[in-house]
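Engineer: My questions will all concern the structure given below.
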Amino acid sequence: MTSQRQRPSAKAGRAQLSLVEHALSPLDTRRSLVKGMLFETSFQFTDQNRNRKESHATVAAVHGLSSSDDLYLWGLLGLALSQVDASPDFYATPYWCLKQLGIIHDGKKGSEEFRLFREALRRLAGVRYACDAFFDPIRREHREVSFGFLSYSLPLSDAKSRTWRFAWDPIFWELCSTNAGALRFDLPTYRGLSPASRRLYLLLKKLFWRSSESPELEIRELAVHALGFSATLPTKILKVKLAACVRELLDRGLLQLGLGQGSVAECFTKKQKGVFTVKMYCGPTFHRVTEIAHGSVQDSPLYEPLAAIGFDTASIARIIKRYPSRLVQLWSDITLAAVEQRRIEQSPQAFFHYYIKRATADNGTPPDWWREIERKRRRQEEEQRRERRGLVLHDESDDRFQHYIDGDAREAFERVMVKLKADLASTGRSEREATAFAREQAIIHFKNKFQTGKKRGAGLNKNQAGETHP
């Protein structure tokens, strides 16, 4: 028997300590929400000999990535890790997830929120991350890494009682599940901030762990690499944008002005022409955590499926206490699917009780029709893997695009190919597979750049034509 008491941590998000050092995507959706997004960034770290070095990271996203996806990533990770029997395989209904994340509330159907949730999951599942000097909290050393975030299997309907399956990448899960690699934060506070301020808040969570003041941070490095603002923006504009983030945190009491700082402008110091630093001080509410009631049976991700079957709260509590969560999840989902397909002649509660008892005694297996559903699920997951590998390409035979790759973009294309291939080879993939994936990801990335360039050129020609022929 496995106790299924819920830890009182639904209001806590969980981020990975090294990943908060840099942005996962540009803040500008015109650059991030594009197919084949390839985002390169860097961050500073101190090695074991106390020398300052630079680490380089690459985020490849088949379906693009939004800065708002950070909320779903860190929020879902916090929910998965909050379970007593936490494992990389996590099952929960979308309604429960969105309610725990504070995105929807009791009585709200949340159809639009479900749609946005699905879209965010699709983008997150299409991400491949690589870094040449990532700190491994278990081995206590910097290592070269490559991993994804998660895979998923979802029923096509948004029925609030049907569970969604989230399967976390094993390397990513290992890096996040150890206390030495985890960064806990207050989810309601995080959710209430703008995307850029969210990233600043998480970075400061790491910095304020040991000190109530930050070191002097160079604003261009902070704004571009840690927050995701465009590197093409002039320093004076980055300073204005960063000041807006500082002001937002000040207004919420997350920061406070330090000695000699009478305004936000005085948080910045000019070091030389075009070079500024910013220093921030921990505010009175920064470490405040939202009060959380001790977990009840209603807080369990298993509660809604069992309630939909027809069990009352007391019965649900007994079921959760008596049976392993893996079996409760499986047979509640089978029971609800059987109800939807009108396969049950007896009561749903009796059907569930009969089969979960047999499964617990190791002589009960899912019915044949459920195995067919599972086969379809596995095909869906394979399609997701194919998408992540970049096998879904678009119009590669375009002669003008091929001319672009063979000409102006040849050197840049080869550099991206070499880097991606090395990242993949480090994960143990064969040379053939690494080469194929690297080429396909690079084609998606440069095709997007090519299409963007064509649109800009068309706009320029149109303007020029308008000036010539009024």
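Engineer: Let me know the Kirkwood hydrodynamic radius for the range 44-143, please, with Cα pairs as the basis and the value in Å to one decimal.
Structural biologist: Every distinct Cα pair counted, the radius reaches 16.1 Å.
Engineer: Placing unit charges on C-beta atoms (Lys and Arg positive, Asp and Glu negative, everything else neutral), compute the dipole magnitude of the range 316-371 about its Cα centre in debye, rounded to 20.
Structural biologist: Approximately 240 debye in magnitude.
Engineer: List, in the order given, every pair from Lys53/Lys271; Lys206/Lys239; Lys35/Lys376; Lys99/Lys239; Lys11/Lys279; Lys11/Lys241 whose Cα-Cα distance in the structure shown is over 31 Å.
Structural biologist: Those over the limit are Lys99/Lys239.
Engineer: Using Cβ contacts closer than 10 Å as the measure, can you line up Met280, Met417 from fewest to most?
Structural biologist: Met417, Met280
Engineer: May I pose another question? Within the range 235-278, list the trypsin sites (Lys or Arg not before Pro) lying in a DSSP loop whose Cβ has at most 16 other Cβ atoms in a 10 Å radius.
Structural biologist: Passing sites in the range 235-278 are Arg252, Lys273.
Engineer: When the chain is fully extended, how far beyond the present Cα-Cα distance does Asp47 get from Thr235, taking 0.36 nm per residue of separation?
Structural biologist: Gain in length upon complete extension: 64.8 nm.
Each reported figure results from applying straightforward, stated rules to the coordinates on display, with no laboratory input. Predicted model only: the values in this text are computed from it and were never measured. FYI the Cβ positions are ideal-geometry reconstructions off the backbone, even for glycines, and counts take in every protein chain you see.
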